[in-house]
Amino acid sequence: MLLTGADIIVECLLSEGADTVFGYPGGAVLNIYDSIYKYGDRIRHIITSHEQGACHAADGYARATGKTGVVIATSGPGATNLTTGIATAYMDSIPLVAITGNVSCGLLGLDSFQEVDTTGITMPITKHNFIVKDIKELAKTIRLAFEIVGSGRKGPVLIDIPKDITAAAAEYTPLGKSVPKQAENANEDDIEKALEFIRNSQKPYIYAGGGVVSAEAETELARLAELCDAPVSCSLMGQGAFDQRNRRYIGMLGMHGTVKAAEALNECDLFIGIGTRFSDRVIGEPAVFGKNAKIIHIDIDPAEFNKNVEAQATIKGDVKNVLNTLCGKIEQKKNSWTDEIIARKCNEPVQKGTADFPVTPEAVIRKLDELTNSEAVIATEVGQNQMWAAQYYTFTKPRSFISSGGLGTMGYGLGAAIGAKVGCPEKTVVNIAGDGSFAMNLNELITAYAHKIPIIEIVINNNVLGMVRQWQRLFYEKHFSQTTLDNRHIDYVKLGEAFGIKAFVIAKNEDIEPVLKQALEISKTEPVMVEVKIDKDINVLPMIPAGKPVVNPITEINLEA
Amino acid sequence: MEQEYVLSVKVNNNNGVLLRVAGLFSRRCFNIKSLNAAETEEPDISRLTIVVEGDFKVITQIKNQLMKLYDIHEVKILNDAVTREHILIRAGRSEEDRHKIIEIANLYRAKPVDVGKDSIMLELTGEPVKLDSFIDLLKPFGIIKMVRSGITALERD
């Protein structure tokens, strides 16, 4: 059938199963939005307040559902506003297709109104990008974009489409849903080498990253942990890859990981890193990382092998398949060290409030955990709020922790929570924010209200940029340069009201349970906001200073010193 | 141990492919010593011959990172290969120089391609080391301009 380019775009999205898209209209995408209007009964479009919010929403939708997220923006500033969102998705290997309009082909390269070199700008932050200058290539290109997004290590792909291409007409024949390329089977010698390491180890320690979530390999991971009789840690991105109620779980590893995880790292004789890129935020000083251990590294992306740490055995392949193969070949192990470390009482820090601010983030998040039965989807912003969410909520399932790990994008969480809730309407979705991050993209409260997306926004308000303040306290002689926000005087209840969103305040410990219960009740039908007033000097602990060995984490910071 | 490696990279002959490769080298802090891009026997495929310096770990990283680019089909680290480079070089300050330069050129089978009053332009193709020594011999006569093509290479059978 003869269709316009814009209609072809929508047809292709529908045939990829992308019936929900996020975006923001503009001049160069007028034709696309005209098609979205025509196809209104088949495709749901959510307009945000800002393209960045739309991109984070598409990303959050992808993380929560496992499907590919789609975002649409116009040329020029529309496209540049996407870049933070695209880079966020790229760093965390999130499947995302970004569609941008551009000026008509004849105007390209002439500094035309709202023209920018979108493919040039996004080249380093996408797996691949396209500019479509021939309408005959359009359908093929969109299908290929979805194929690339889902093949191997996932990540974003951008398609830039000049306006005249969306207006032109071409014959359209449905090509069917794209099929991601299957990863090759793992090399047998590599598998054998890893098996030998596992057989010979007495102190194996498993460390799971976001790749386990992405590969949906949580069952295989749990089986491997049983067969190896190993304790398990997850990275920030791996939260939920392993059921944290399982006795084997000993907490997050890395800069703000548990004391126990740091001890396990230094005591283990075999470190099995699965679906992880050994981020600098985890490994500290590379030269001494896991110094008493052999390292097995399993990942779909061989470029991660020996990039940040040296591994003695590497297995390239789909994590799910590799773990399955390993599980089929391991005889049940029994390690006395494992029982000992699981039972060990470590000096894990506990948060304390002050007389003026008795409430702690720990108390609020643990109560939220209890009231939601550890089954909510938790989005976060970036900074202390993010670490506290990771530390104090009990993640039991993959796709329940939605956070910008690699890029560390403040302003990510609200948009992402909106996307997650759109993708999983049956789940409770909470964004845990700090007051700094909240202020960055709070405009998306408008989106939550307008589209009746009932998320819970919890703003942990300490009136400072807490994580930066923490570093200034430790490493910059308490020069709290530009991190004190207490001249802002925001009334969060009024702010919420102005947007049509009910808001509540937790200032005393007695408020925690009733306010959270009320928020959970309201969130059955409409979005709701909670401000939690806390002291400005509650730090994220434990802590390993950047680039230092993951040994003896700081568990206490003397505020008087 | 740091050494020079020659990478032979088969790429889609697409718009922007060179930018993708060069951008990857730049953002990952890999150094390119020379790069040659040219067509191959297949019209849609180009071959990049890239000379890089680094230890084996870095070269493996480069190879793995390159393989992640959609437009790249194959990356080979060449061990046993025929490597060739082409040079255009103008040298000489007097008629006397010119005669001596022609003698050296004959020795190397370099070809005069443009003769001026005092200087002469020569072309030469060969192994990069041969080019190096040729250039060294011409230096006393004053090298006015020169351009090297960068290495091209194909594996031996």
Take A:LEU108 and decide whether it is touching a residue at least 40 places away in the same chain (Cβ under 8 Å), within 14 Å of chain B (Cβ to nearest Cβ) and of a type outside the set (Phe, Trp, Tyr).
yes
With respect to A:ILE446, determine if the residue is in contact with a helix residue (DSSP H, G or I) (Cβ under 7 Å, 6 or more places away or on another chain), outside any helix (DSSP H, G or I) and touching a residue at least 12 places away in the same chain (Cβ under 8 Å).
no
Select, from A:ILE36, A:ILE47, A:ILE72, the only residue that is without any contact (Cβ under 8 Å) to a residue 40 or more places away in the chain, touching a helix residue (DSSP H, G or I) at 6+ places or on another chain (Cβ under 9 Å) and either surrounded by fewer than 21 Cβ atoms within 10 Å (Cβ to Cβ) or aliphatic (A, V, I, L, M) (or both).
A:ILE36
Helices (runs of 4 or more DSSP H) completely within the range A:334-396 that count 1 or more residues being under 25 Å from the mean Cα position of the chain (by Cα) and hydrophobic (A, V, I, L, M, F, W, C)
A:361-371, A:384-392
Give the residue that is nearest to B:ALA153 (Cα to Cα), with candidates limited to residues of the range B:121-138 that are touching a residue at least 40 places away in the same chain (Cβ under 8 Å) and part of a helix (DSSP H, G or I).
B:PRO128
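Would you pick out the residues in the range A:353-380 that are crowded, with 23+ Cβ neighbours inside 10 Å, out of contact with any Phe, Trp or Tyr (no Cβ under 6 Å at 6 or more places or on another chain) and closer than 14 Å to A:GLY466 by Cβ?
Once the filter is applied, which keeps residues that are crowded, with 23+ Cβ neighbours inside 10 Å, out of contact with any Phe, Trp or Tyr (no Cβ under 6 Å at 6 or more places or on another chain) and closer than 14 Å to A:GLY466 by Cβ, the range A:353-380 yields A:THR360, A:THR380.
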Looking at (1) closer than 19 Å to A:ASN539 by Cβ; (2) over 12 Å from the mean Cα position of the chain (by Cα), find the lone condition where A:GLY408 falls short.
(2)
For residues in the range A:467-506 being polar (S, T, N, Q) and in a helix (DSSP H, G or I), which is nearest to A:LYS536 (Cα to Cα)?
A:GLN470
Which residues, counting only those in the range A:181-228, are crowded, with 24+ Cβ neighbours inside 10 Å, within 22 Å of A:ASN266 (Cβ to Cβ) and hydroxyl-bearing (Ser, Thr, Tyr)?
A:TYR205, A:TYR207
Step by step: first the residues of the range B:41-89, then only those that are surrounded by 15 or more Cβ atoms within 10 Å (Cβ to Cβ) and among the acidic types (Asp, Glu), then the one that is farthest from the other protein chains (Cβ to nearest Cβ). Which residue is that?
B:GLU85
Only one of A:GLY85, A:GLY78, A:GLY17 is under 25 Å from the mean Cα position of the chain (by Cα), at positive phi and either assigned to a loop (DSSP other than H, G, I, E, B) or not polar (S, T, N, Q) (or both); which?
A:GLY17
Any hit, the range A:117-133, residues being in contact with a Pro (Cβ under 9 Å, 6 or more places away or on another chain), more than 13 Å from every other protein chain (Cβ to nearest Cβ) and hydrophobic (A, V, I, L, M, F, W, C):
no
Only one of A:LYS334, A:LYS397 is in contact (Cβ under 8 Å) with a residue 40 or more places away in the chain and assigned by TED's automatic domain parsing to the domain that holds A:MET410; which?
A:LYS397
Can you name the number of the only condition in (1) away from chain A (no Cβ under 14 Å); (2) exposed (fewer than 14 other Cβ atoms within 10 Å of the Cβ) that B:ARG98 fails?
(2)
A:GLU304 - would you say it is within 27 Å of A:THR65 (Cα to Cα), within 14 Å of chain B (Cβ to nearest Cβ) and buried (at least 23 other Cβ atoms within 10 Å of the Cβ)?
yes
Condition (residue is within 14 Å of chain B (Cβ to nearest Cβ), in a helix (DSSP H, G or I) and of a type in the set (A, V, I, L, M)) applied to the range A:312-328: is it met by at least one residue?
no
Yes/no for A:ALA264 being assigned to a helix (DSSP H, G or I) and within 14 Å of chain B (Cβ to nearest Cβ):
no
Per-region count, the range B:18-46, residues farther than 18 Å from A:ILE121 by Cβ and in contact with a Leu (Cβ under 9 Å, 6 or more places away or on another chain)
7
Identify all residues within the range A:407-458 that are out of contact with any His (no Cβ under 7 Å at 6 or more places or on another chain) and aromatic (Phe, Trp, Tyr); write none if there are none.
A:PHE438, A:TYR449
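The values are calculated or read from the model by the stated rules, or taken from the named source; none is laboratory data. None of these values were measured; they are calculated from a predicted model. Ideal geometry is used to build each Cβ from the backbone, glycine not excepted, and the neighbour counts take in all protein chains shown.
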